[in-house]
Structures are given as C-alpha cells and as structure tokens.
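Reviewing the structure listed below.
The values are calculated or read from the model by the stated rules, or taken from the named source; none is laboratory data. Just so we're clear, the structure is a prediction, and the values are computed from it rather than from any experiment. Cβ atoms come from the backbone with ideal geometry, glycine included; neighbour counts cover every protein chain shown. All accessible areas refer to the heavy atoms of the entire protein, side chains included, with ligands and DNA or RNA removed. Shrake-Rupley method; radii C 1.70, N 1.55, O 1.52, S 1.80 Å.
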Amino acid sequence: MARAFTDLVRGTDPQAWGNPAPCEGWVARDVVRHLVEWFPAFLKAGAGVELPKGPSVDDDPVAAWATHRDGVQALLDDPATAHKLLSNPHIGEVPLDQAVDRFYTADVFMHTWDLARATGQDAHLDPDRCTQLLDGMLPLDDVLRASGQYGPRVEVPETADVQTRLLAFIGRKS
C-alpha cells in the first residue's frame, strides 16, 4: 500500500499540490496531511508509540510523507510491535500490528485513489484489495456512516467494477 502511495507522492508535480482532491474541501496536499497527522495521534493515544516528526506537509509534502512512511515501517519491522496492544475506546484492545493493518493501511489504500485523481496520475487500485475492503465494510455501513469518516454512499450500477463500487461506498464519485 505504502509503495503505491509513495510513488504518487514522488510523482506529483510541485505545482499540483494545490489541486482539488475528491475529498470535499481538500487539495492534494491535504491527502498527505491527513495520513501524516491522524495516525501518529492514534498510535500515541492508544499504544504510547511516537513516530518521528518530519517537516511540515505545507513546507515539503514529499519529505513529510517519507519521514512518516519510514517511521511506520520501522514500527512494523520492530519485533517488539508484535507484543504491543493498541487500546481505543471505540475498538477495545487490538494487537498493534493488526491495528496498523486494519485501520491505517486501508486508509492509505483508499486515499491512494484520492491523491492520484488530484494529481492526474494512475488511479487504478488493486481489485483484490478493493474486494477485500468492500466485503469487510459492507456489513458495517451504519457504523461507518455514523463515524463521519465517510461521505454519503454514491449509487452505481450493480455491474460496476469493484473499484468503482468501493469508491462509491466511501462516498467518492469516480
């Protein structure tokens, strides 16, 4: 997941960081900002883990993402991570590595499309991962909508490909 997102970040024309993104009110830079800002707070509050701080996304979105990505990778590569728990009032206690996979890598995957669209790059997502996410999210429709993290579901034909159905489920118009 991070590799595809990293390729998009590196491939973004410096003039494109202000381009509108599919998330209402966001520009391309805000897609990176979202990922760089919410996850460290989630880790710190739930597991006492602090990721390295990089430059501001406003100053250098490429370096901000690289520092963040490297910090997450170091966390996953650390053998001690397998023995740590993340505690959160909404999800209870979850092994830290599973929490990273369940919440963060899914978010990076879905926001890959947002950054690609905002910056005019390849917006194709892996169909198997789209299927996996959509199948896992469909039963949680009411909970996800109530979280405020997803826009209203967009209606698409039942014959739409799985990427289009996933994006429509999370409120994106492809």
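Could you list all residues from the range 43-61 that are surrounded by 17 or more Cβ atoms within 10 Å (Cβ to Cβ) and either in contact (Cβ under 8 Å) with a residue 40 or more places away in the chain or under 23 Å from Arg172 (Cα atoms) (or both)?
Matches in the range 43-61: Leu43, Gly46, Ala47, Val49, Pro61.
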- Query: Given the residues Leu86, Leu144, which is the only one that is assigned to a helix (DSSP H, G or I) and of a type in the set (A, V, I, L, M)?
  - Reply: Leu144
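When you scan the range 102-111, do you find a residue that is polar (S, T, N, Q), open to solvent by less than 80 Å² (accessible area, probe 1.4 Å) and either outside any helix (DSSP H, G or I) or under 18 Å from Ala41 (Cβ atoms) (or both), even just one? Before the answer, list the steps.
From the range 102-111, those polar (S, T, N, Q) are 105; that's our starting set.
Pick out the ones that are also open to solvent by less than 80 Å² (accessible area, probe 1.4 Å) and you get 105.
Now restrict to residues that are either outside any helix (DSSP H, G or I) or under 18 Å from Ala41 (Cβ atoms) (or both): 105.
Checked against the condition, which is being polar (S, T, N, Q), open to solvent by less than 80 Å² (accessible area, probe 1.4 Å) and either outside any helix (DSSP H, G or I) or under 18 Å from Ala41 (Cβ atoms) (or both), the range 102-111 yields at least one hit.
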- Task: For residues that are surrounded by fewer than 14 Cβ atoms within 10 Å (Cβ to Cβ) and among the charged types (D, E, K, R), scanning just the range 8-36, find the one that is nearest to Ile91 (Cα to Cα).
- Result: Glu24
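Tell me, which residue of the range 90-101 that is modelled with pLDDT of 85 or more, of a type outside the set (Asp, Glu) and outside any helix (DSSP H, G or I) is farthest from the chain's Cα centre (by Cα)?
Residue satisfying both the conditions and the ranking: Gly92.
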- Note on the structure: Of the residues in the range 102-121 that are among the β-branched types (Val, Ile, Thr) and closer than 19 Å to Ser147 by Cβ, the one that is farthest from the chain's Cα centre (by Cα) is Thr105
- With criteria (1) more than 30 Å from Pro14 (Cα to Cα); (2) buried (at least 16 other Cβ atoms within 10 Å of the Cβ); (3) modelled with pLDDT under 95, Tyr150 comes up short on (1)
